[in-house]
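*Asks:* The structure follows.
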Amino acid sequence: MDVAAVTRANQGGGAAQSPPAASCLLLLLLLLRSPTPPGPESQLPSALARHPRPGTPGASAPGLRGSPAETMRKFKKVLDGLTAGSSSASQQQQQQQHPPGNREPEIQETLQSEHFQLCKTVRHGFPYQPSALAFDPVQKILAVGTQTGALRLFGRPGVECYCQHDSGAAVIQLQFLINEGALVSVLADDTLHLWNLRQKRPAILHSLKFCRERVTFCHLPFQSKWLYVGTERGNIHIVNVESFTLSGYVIMWNKAIELSSKSHPGPVVHISDNPMDEGKLLIGYESGTVVLWDLKSKKADYRYTYDEAIHSVAWHHEGKQFICSHSDGTLTIWNVRSPAKPVQTITPHGKQLKDGKKPEPCKPILKVEFKTTRSGEPFIILSGGLSYDTVGRRPCLTVMHGKSTAVLEMDYPIVDFLTLCETPYPNDFQEPYAVVVLLEKDLVLIDLAQNGYPIFENPYPLSIHESPVTCCEYFADCPVDLIPALYSVGARQKRQGYSKKEWPINGGNWGLGAQSYPEIIITGHADGSVKFWDASAITLQVLYKLKTSKVFEKSRNKDDKSNTDIVDEDPYAIQIISWCPESRMLCIAGVSAHVIIYRFSKQEVITEVIPMLEVRLFYEINDAESPEGEQPPPLSTPVGGSNPQPIPPQSHPSTSSSSSDGLRDNVPCLKVKNSPLKQSPGYQTELVIQLVWVGGEPPQQITSLAVNSSYGLVVFGNCNGIAMIDYLQKAVLLNLGTIELYGSNDPYRREPRSPRKSRQPSGGMLIVTSCMCGVSSLYSESVKKLRSSFLTGLCDINEGIVVPEDRCKSPTSGSSSPHNSDEEQKVNNFIEKVKTKSRKFSKMVASDIAKMSRKLSLPTDLKPDLDVKDNSFSRSRSSSVTSIDKESREAISALHFCETFTRKADSSPSPSLWVGTTLGTVLVIALNLPPGAEQRLLQPVIVSPSGTILRLKGAVLRMAFLDTTGCLLPPAYEPWKEHNVPEEKDEKEKLKKRRPVSVSPSSSQEISENQYAVICSEKQAKVISLPTQNCAYKQNITETSFVLRGDIVALNNSICLACFCANGHIMTFSLPSLRPLLDVYYLPLTNMRIARTFCFTNNGQALYLVSPTEIQRLTYSQETCENLQEMLGELFTPVETPEAPNRGFFKGLFGGGAQSLDREELFGESSSGKASRSLAQHIPGPGGIEGVKGAASGVVGELARARLALDERGQKLGDLEERTAAMLSSADSFSKHAHEMMLKYKDKKWYQF
């Protein structure tokens, strides 16, 4: 082996060449260079003999004696002797370069590090914990702030934007600079921020941090640059929103109220200017005092007092009246010029008592709006104010229009609402047409123009959290006909009764989407529903909703609830989704240990009897004798694999509900409906599978699931074992405990697993008498002996032979035993004794084993049989095992159907199932499928273990297969066909459509070509060469953390492995060489929601549930990052501001129109002076030139940058001009004073000073 080969081996294996291997190579070279005498001592490595390199001594050794065949044999002996002392890492490195057998071709890998870049793309869903709402009536943009400092902006459907305040403080108020492309946000940390919305990714231009006072309310008049800021102390400060500096003009609370109140009026809860006179400012204090302040004269014109606290104030557009909402559920309407008492007091929801008494108090009215129309009565819209005796009533929005009052119930508490009006001018008839209601978990838009006030159909994807999301899958580059098919069946599910008008929030423009491939997101929910979303081109739209709970009987109340439930709430919650986009087969696993298989159909059907199977998948031997037919036959012969499990395949109520000792037995957790089920077009139930209670023990939740449409099989596993179902024949093919999959080939001869596994074999296992004899004395011996003695009792499933003389059947096998009844009785009695003894010692041994396992500290390289011991104790962090007491159990964590080489001796690929476990084992099960057409439905599928066992460190997460060129081999699938064909077509047509079932993309390979298996675990990834089963490449992904999600994905016409670790790192590796390409710290694992929903998909896309209501999408593709700016929509579009309302001739003549105010003259520095520097701190934001550096590439981006640069330059020049003028004025003043001094002292002598 030359130096370059050694270097490549070191790079591929991920570890340095070990010293024993280096010395072996040196000895090998010496042997090759010197003449080798014949005899047993002449031993040379066979690897180099089979693969000599040109230019090396091994290529042509002149001193070598003997025939080539004899030399090869000698080389083989030497290699066997030399490699015995080398470590497994060096073996893998040599195999990487020179695996036995045919020389592996070099695969050209095209992916490089520069192809990867990580960035967030878009966020979908409802803003989590909303707290503020604003609307720009000209731009038609809606803004929502949240308690976590997030800012979500909505334009037309498909135009959304997400921003985040760095501080994370709650947003308490939002104010648009109407039609200016800017927004002011007010945070709970007393900071104001000015956002620039004229760029695709909004950025903060300025911030102002108040240091001495708490900000409570802000108001920005239309077409004004002066922002009024009310504080907790009752003062009002004024901010210039252009420069974000404070004016010296301050309205102090004591000046505002003077002697009208003996105590402090409380915080400012409202500020607004009179619609007809900008010089009059209405200030509302929490205590109930309202002040009309004259800005010019700097004094209060009127003061209005009321006994109850104020929550909000609203003006009539004529400026002569205003309305206040109070904490006792009343509304007070005031005339501006009559401060003594309100003109009218209304209690919208109060019971009007007789004798003129005051109505009973109600809940506070949190907000009120007063909107006028030209052709009718004004609208008074309010939230809250319900009577206290309406216990359990939902939150309401009340619309009062003339004499009619409509109470609109909401599903969630109201956070805020806004009335959308035709005009932005406050001094014109408002003409309201809709109300936006922001709820805690929803956004509702009410049409005010139609009778009954119907709601608009919400086009935004805000219903992700309609039921809490429990799992998520992401599919990019799907078949092009999928989205139209799902949309067509989903369109029939839409509710009726929506407003007929178009969605009124329609600002912004769509981006230019460069991505043309279809993307689909599937979400599983706590109520058992499954939603399909169109996620193409960074948008999101719901396509179709499937309710999986429809097949089960629902308990009407808690008393009727079955006591077989293993969860108190949400028994239908979805845990795992397995979907084949090409065949449209869908399989889900639920929290109640149930699996449902669905077919897609465009035709409606009525299913008379829902097909159902019940499966017993248990871990321990039962104490009592179980009813006949309870345990499945062992998988030891082809006959056992071909016969279905002897359980009633389509029985609805279980025949047995309890075992002989009264324990719950043979009962599923949910009850399937026994009445006909109408199934609408879309996904229709093919088969329901349920795990049942066994001996009083509930079934364990399912940890892995896979479906294959080509084979007609579904397989699932949990911490007890694995079950395989033929959903075409509705039969159980395989039902084994995890330990039974090994047979006598179990490599884990480790102390931690032995006692518990030995006393808890699965129900279908055969037991050897000699093994059971050894159990009684095993506690005086070592734990290792326990394991080995127990393994002798396991049926060697690879041989597939049962010897009746050496074995005894389980108690449930009945008359099938070859022994006579006396012998059988003896054996049964003996087994019962052994079980009793094993149970007595089990707890003691389990604790001892746990102590021993923690003391084992041998390195992995020196103890390969123990390299999984750490992982069994790290499983508490993994989602595959649900509780700590199941750590020692080996759960099924990954399943993958494929057509590949199942054994080393295979010359051609064949159908198989690859099974990964939480202890890092990969087991291969061979599938012998009958021919297609009629035979597939009549002949059984034969399932048999292949004997192939591969091992990794950590629980196995994902498996995939590559062909000899490094291209991904997808699992075989049957193209989708409509299976609900009309009855007039004959059966032959049906069967013809099933003929492509077993066709696989890999079946056309030549026999000489090999494959690669890519296996990713929590700790490492391996690429296994098939059929030789040599480890071609290995990569230790993480030592201190563990991988939460790993996916083999396509990118840039190549493939890679993408991983997300619990420590927050996102990593990608090339395939098949597993070269690290990307390693970025992105997001720490803060909760299990992220771990449960994070997933990668093709073309560099990924997503996770960032909050209970929102999906965050991101990309790790450099190309997508570069094109992202073009794909994003534009929020700001140039729109003409509507014309101001006409004052009319007489109003202009007699001065009855709106009065304007020169705020610049009033609040400017020249007249009001400078504000105190200690009051607030100005913080320049990153939204200047830096904020636009990531703007769109090309002319638009350059123009935007140039425009912003000119704006900044102009602003700086303006500041410079102001400073120059101030300096000039100061110089003139100084010159004047100096001249006066000179004249004063000109004629005086020095002694006269």
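*Asks:* Among the residues of the stretch 424-445, write down those that are among the hydrophobic types (A, V, I, L, M, F, W, C) and open to solvent by less than 30 Å² (accessible area, probe 1.4 Å).
*Replies:* A434, V435, V436, V437, L438, L439, L443, V444, L445
*Asks:* Can you list residue pairs whose Cβ atoms sit under 7 Å apart, with the first residue in the stretch 924-944 being more than 17 Å from L734 (Cα to Cα) and the second being crowded, with 21+ Cβ neighbours inside 10 Å? Count only pairs 6 or more apart in sequence or on different chains.
*Replies:* Qualifying pairs under 7 Å: G932/V997; R936/G712; R936/V997.
This table checks each residue for (1) over 22 Å from R599 (Cα atoms); (2) surrounded by fewer than 20 Cβ atoms within 10 Å (Cβ to Cβ); (3) not β-branched (V, I, T).
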{"position": "D447", "(1), (2), (3)": "yes, yes, yes"}
{"position": "P454", "(1), (2), (3)": "yes, yes, yes"}
{"position": "I520", "(1), (2), (3)": "no, no, no"}
{"position": "K550", "(1), (2), (3)": "no, yes, yes"}
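*Asks:* Take the stretch 1007-1051 and flag every residue that is of a type in the set (D, E, K, R) and part of a strand (DSSP E or B).
*Replies:* Pass one, the stretch 1007-1051, residues of a type in the set (D, E, K, R): 1009, 1018-1019, 1022, 1034, 1039, 1045, 1047.
Answer for the stretch 1007-1051, where residues must be of a type in the set (D, E, K, R) and part of a strand (DSSP E or B): K1022, K1034, R1045, D1047.
Conditions tested, residue by residue: (1) over 18 Å from the mean Cα position of the chain (by Cα); (2) in a loop (DSSP other than H, G, I, E, B); (3) closer than 16 Å to N1036 by Cα.
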{"position": "N1063", "(1), (2), (3)": "no, yes, yes"}
{"position": "I1066", "(1), (2), (3)": "no, no, yes"}
{"position": "L1074", "(1), (2), (3)": "yes, yes, yes"}
{"position": "V1080", "(1), (2), (3)": "yes, no, no"}
{"position": "P1084", "(1), (2), (3)": "no, yes, no"}
{"position": "I1090", "(1), (2), (3)": "no, no, no"}
{"position": "F1096", "(1), (2), (3)": "no, no, no"}
{"position": "Y1104", "(1), (2), (3)": "no, no, no"}
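*Asks:* Quick one: which strands (runs of 3 or more DSSP E) sit completely within the stretch 246-316 and have at least 3 residues that are on the phi < 0 side of the Ramachandran plot and in contact with a helix residue (DSSP H, G or I) (Cβ under 9 Å, 6 or more places away or on another chain)? Give the derivation first.
*Replies:* Details: elements: 268-274, 277-285, 289-294, 299-305, 310-315.
Counting at least 3 such residues, we get 277-285, 289-294, 299-305.
*Asks:* Here's another thing I want to ask about it. Can you tell me which residues in the stretch 346-382 are in contact with a Lys or Arg (Cβ under 9 Å, 6 or more places away or on another chain) and part of a loop (DSSP other than H, G, I, E, B)?
*Replies:* Matches in the stretch 346-382: T347, H349, G350, P359, E360, E377, P378.
*Asks:* Right, next: So V343 clears everything in (1) surrounded by fewer than 16 Cβ atoms within 10 Å (Cβ to Cβ); (2) closer than 23 Å to V268 by Cα; (3) free of Cβ contacts under 8 Å to residues at least 40 places away in the same chain except one condition, right? Which one?
*Replies:* It is condition (2) that V343 fails.
*Asks:* Among the listed residues V229, V290, identify the single one that is over 26 Å from L183 (Cα atoms), buried (at least 20 other Cβ atoms within 10 Å of the Cβ) and not hydroxyl-bearing (S, T, Y).
*Replies:* So the residue among V229, V290 that is over 26 Å from L183 (Cα atoms), buried (at least 20 other Cβ atoms within 10 Å of the Cβ) and not hydroxyl-bearing (S, T, Y) is V290.
*Asks:* Here's something else I'd like to know. Is it true that S944 is assigned to a loop (DSSP other than H, G, I, E, B) and surrounded by fewer than 24 Cβ atoms within 10 Å (Cβ to Cβ)?
*Replies:* When the stated conditions are applied, S944 does not pass them.
*Asks:* Determine, yes or no, whether G329 is assigned to a loop (DSSP other than H, G, I, E, B) and over 26 Å from S263 (Cα atoms).
*Replies:* Values: assigned to a loop (DSSP other than H, G, I, E, B): yes; over 26 Å from S263 (Cα atoms): no.
No: the conditions fail for G329.
*Asks:* Only residues in the stretch 412-423 that are under 16 Å from I381 (Cβ atoms) and open to solvent by 20 Å² or more (accessible area, probe 1.4 Å) count as the first member; pair them with residues that are acidic (D, E) and modelled with pLDDT under 95, Cβ under 9 angstrom, at least 6 apart or cross-chain, and list the lot.
*Replies:* Close Cβ pairs (under 9 Å, with a partner that is acidic (D, E) and modelled with pLDDT under 95) amount to E422/D428; E422/E431.
*Asks:* If you take the residues of the stretch 522-539 that are hydrophobic (A, V, I, L, M, F, W, C) and open to solvent by less than 10 Å² (accessible area, probe 1.4 Å), which of them is farthest from P668 (Cα to Cα)?
*Replies:* A535
*Asks:* Determine, yes or no, whether V239 is under 19 Å from I1179 (Cα atoms), assigned to a strand (DSSP E or B) and not polar (S, T, N, Q).
*Replies:* Numbers: under 19 Å from I1179 (Cα atoms): yes; assigned to a strand (DSSP E or B): yes; not polar (S, T, N, Q): yes.
So V239 passes the test.
*Asks:* Would you check if A1058 is within 25 Å of T964 (Cβ to Cβ), buried (at least 22 other Cβ atoms within 10 Å of the Cβ) and among the small types (G, A, S)?
*Replies:* Judged against the criteria, A1058 is a match.
*Asks:* Moving on. Restricting attention to the stretch 252-274, which residues are of a type in the set (D, E, K, R) and open to solvent by 30 Å² or more (accessible area, probe 1.4 Å)?
*Replies:* Those that are of a type in the set (D, E, K, R) and open to solvent by 30 Å² or more (accessible area, probe 1.4 Å): K255, E258, K262.
*Asks:* Follow-up question, since we're still on this one. Filter the stretch 346-372 down to residues that are in contact (Cβ under 8 Å) with a residue 12 or more places away in the chain and among the acidic types (D, E), then give me how many there are.
*Replies:* Of the residues in the stretch 346-372, the ones in contact (Cβ under 8 Å) with a residue 12 or more places away in the chain are 346-351, 359-372.
Retained after the next criterion (residues that are among the acidic types (D, E)): 360, 369.
Here the count works out to 2.
*Asks:* I've got another one for you. Taking into account only those residues within the stretch 373-385 that are more than 44 Å from the chain's Cα centre (by Cα) and in contact (Cβ under 8 Å) with a residue 24 or more places away in the chain, which is least open to solvent (accessible area, probe 1.4 Å)? Spell out how you get there, then give the answer.
*Replies:* As a first pass, look at the stretch 373-385 and keep what is more than 44 Å from the chain's Cα centre (by Cα): 373-378.
Restricting the remaining residues to those that are in contact (Cβ under 8 Å) with a residue 24 or more places away in the chain gives 373-374, 376-378.
Numbers: T373: 21, R374: 152, G376: 43, E377: 107, P378: 41 Å².
Filtering the stretch 373-385 for residues that are more than 44 Å from the chain's Cα centre (by Cα) and in contact (Cβ under 8 Å) with a residue 24 or more places away in the chain, the one least open to solvent (accessible area, probe 1.4 Å) comes out as T373.
*Asks:* Scan (1) over 27 Å from T419 (Cβ atoms); (2) surrounded by fewer than 19 Cβ atoms within 10 Å (Cβ to Cβ); (3) not basic (K, R) for the single condition E180 breaks and write down its number.
*Replies:* All conditions are met except number (1).
*Asks:* Same structure again: Consider only pairs whose beta carbons are under 6 Å apart and that are at least six residues apart or on different chains; among these, list those whose first residue lies in the stretch 447-467 and is touching a residue at least 60 places away in the same chain (Cβ under 8 Å) and whose second residue is open to solvent by less than 50 Å² (accessible area, probe 1.4 Å) and β-branched (V, I, T).
*Replies:* Pairs found: H465/T1109.
*Asks:* Across the stretch 670-704, what is the total count of residues that are of a type outside the set (S, T, Y), in a strand (DSSP E or B) and either touching a helix residue (DSSP H, G or I) at 6+ places or on another chain (Cβ under 8 Å) or under 17 Å from V551 (Cβ atoms) (or both)?
*Replies:* 13
*Asks:* From the list L281, L259, which residue is more than 46 Å from the chain's Cα centre (by Cα), under 22 Å from A1171 (Cα atoms) and not β-branched (V, I, T)?
*Replies:* L281
The values are calculated or read from the model by the stated rules, or taken from the named source; none is laboratory data. Since the structure is predicted, the reported quantities are computational estimates derived from the model, not experimental observations. Virtual Cβ from ideal backbone geometry, glycine too; neighbours counted across all protein chains shown. Note: accessible area is taken over every heavy atom of the protein model, side chains too, but ligands, DNA and RNA are not part of it. Shrake-Rupley method; radii C 1.70, N 1.55, O 1.52, S 1.80 Å.
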